[in-house]
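Student: Let me give you the structure first, and then I'll get to my questions.
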Amino acid sequence: YDEDDDNVIEENDLKLALHATTANGDDVGGSGNDNAQSQCPFHNTQANNNDDDNQYDSAKRETLEAYENVGKTASLRGNSLRARAIMSRLGYTPDDLSYLGDDDLYNFQGVANPHLVAKIRKGERVLDVGSGLGIDSFLALRDCCGDVVADANAGDENVATDGALVVGVDLAESEVKHATKRGIARGYSVPNRLRFLRGDVETLEEAFGKANVPMGNEFDVCISNGAFCLVTDKEKAFRNVFKALKSGGRMAISTTTIVSDRLDPSFEWPVCMRMFAALESLKPMCEEIGFRNVEILDADSP
């Protein structure tokens, strides 16, 4: 979710974009740009009662609404210089930024850099949970060597590596549409090497089933950049990731945490804060599911 405070999109442009999307279904949106949704999507929902189920249902609805709006404005050009600064601070390399280019950089969404841990290799199959507008998926496709368009007149070096595949899953249909559109525009083989599915990590099999795409024991690595922050049932989400990975597969999940599993009850915390995982809960949760060699790393995000 874009939280930049430099509003480079005029209000009239935003209204026209949202109207155009509603009218004809064409994708005219933006996230890395600074739009009218530039605040926490849960700013109207307070965690001041004990009905967690209602809170989490409300939070999920607000999450979906917020990110649908992000996707609808994703084609409105944003601040690439700011995106470069943020991504560089998070450990993305000059080669990463050059590869993405200014047509996509401003749509970066995330809290850290899962690629530093994932170390995606040639020929691997990658699952990107909460793929958003596609930025980390595009980099994953490059790293698994699935981004080269086959050319019958070219040498083997210009043919995508066998087995290489990236599947991105996101809650917001507008973001899925935008990411797919950009993947095609970038010349990728969609959906053979890259595809984006609408779905919820808490019901991942349902999303894959609707798309008639196999999920269980399919992926070498799972990455996620920020999506787990707002997942209501973290354990269920991690179990689905475990199920999707091959034996010996690995995950690199970038997420915001809180240092304690109990927030001060005297303060009226937004629901989004209530949804953050407690730092100390993640390792035992993942180990109980079956993950091995679990490490919790401080990403030192700005």
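The values are calculated or read from the model by the stated rules, or taken from the named source; none is laboratory data. In this text the structure is predicted, and so the values were computed from the model without any measurement. With ideal geometry, Cβ positions are generated from the backbone for all residues, glycine too; neighbour counts draw on all protein chains shown. SASA here: full protein model, heavy atoms, side chains in, ligands and nucleic acids out. Shrake-Rupley method; radii C 1.70, N 1.55, O 1.52, S 1.80 Å.
Student: Within region 138-145, is there a residue that is on the phi < 0 side of the Ramachandran plot, open to solvent by 10 Å² or more (accessible area, probe 1.4 Å) and at pLDDT 95 or above?
Tutor: Yes, because at least one residue in region 138-145 is on the phi < 0 side of the Ramachandran plot, open to solvent by 10 Å² or more (accessible area, probe 1.4 Å) and at pLDDT 95 or above.
For every residue, the table says whether it meets (1) modelled with pLDDT under 50; (2) within 20 Å of Glu173 (Cα to Cα); (3) not charged (D, E, K, R).
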position	(1), (2), (3)
Ala17	yes, yes, yes
Gln39	yes, no, yes
Ala59	no, yes, yes
Leu76	no, yes, yes
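Student: Could you figure out which of (1) open to solvent by 70 Å² or more (accessible area, probe 1.4 Å); (2) closer than 30 Å to Ala85 by Cα isn't true of Pro265?
Tutor: (2)
Student: Return yes or no: is Gly183 under 27 Å from Asp162 (Cβ atoms), part of a helix (DSSP H, G or I), open to solvent by less than 30 Å² (accessible area, probe 1.4 Å) and in contact with a Phe, Trp or Tyr (Cβ under 8 Å, 6 or more places away or on another chain)?
Tutor: The answer is yes for Gly183.
Student: Any residue in region 195-218 that is of a type in the set (Val, Ile, Thr), surrounded by fewer than 18 Cβ atoms within 10 Å (Cβ to Cβ) and out of contact with any Cys (no Cβ under 9 Å at 6 or more places or on another chain)?
Tutor: Checked against the condition, which is being of a type in the set (Val, Ile, Thr), surrounded by fewer than 18 Cβ atoms within 10 Å (Cβ to Cβ) and out of contact with any Cys (no Cβ under 9 Å at 6 or more places or on another chain), region 195-218 yields at least one hit.
Student: For region 250-262, enumerate the residues that are open to solvent by less than 50 Å² (accessible area, probe 1.4 Å) and either more than 17 Å from Glu295 (Cα to Cα) or without any contact (Cβ under 8 Å) to a residue 40 or more places away in the chain (or both).
Tutor: Thr257, Ile258, Ser260, listed by residue number.
Student: Shifting gears a bit: Of all strands (runs of 3 or more DSSP E) completely enclosed by region 190-302, which ones contain at least 3 residues that are farther than 29 Å from Tyr92 by Cα?
Tutor: It comes to none.
Student: Another question, if that's okay. Got at least one residue in region 233-249 being surrounded by 10 or more Cβ atoms within 10 Å (Cβ to Cβ), of a type in the set (D, E, K, R) and touching a strand residue (DSSP E or B) at 6+ places or on another chain (Cβ under 8 Å)?
Tutor: Yes, region 233-249 contains at least one residue that is surrounded by 10 or more Cβ atoms within 10 Å (Cβ to Cβ), of a type in the set (D, E, K, R) and touching a strand residue (DSSP E or B) at 6+ places or on another chain (Cβ under 8 Å).
Student: Now a separate question. Given the condition open to solvent by less than 10 Å² (accessible area, probe 1.4 Å) and over 25 Å from Arg250 (Cβ atoms), answer yes or no: does some residue in region 107-124 qualify?
Tutor: yes
Student: List pairs: first in region 106-134 and among the aromatic types (Phe, Trp, Tyr), second part of a loop (DSSP other than H, G, I, E, B), Cβ under 7 Å, 6+ apart or cross-chain?
Tutor: Filtered contacts from region 106-134: Tyr106/Gly32; Tyr106/Asn33; Tyr106/Arg77; Tyr106/Gly78; Tyr106/Asn79; Phe108/Gly32.
Student: If I filter region 283-294 for residues that are in contact with a Leu (Cβ under 9 Å, 6 or more places away or on another chain), within 21 Å of Ala112 (Cα to Cα) and either modelled with pLDDT under 95 or β-branched (Val, Ile, Thr) (or both), do I get at least one hit?
Tutor: yes
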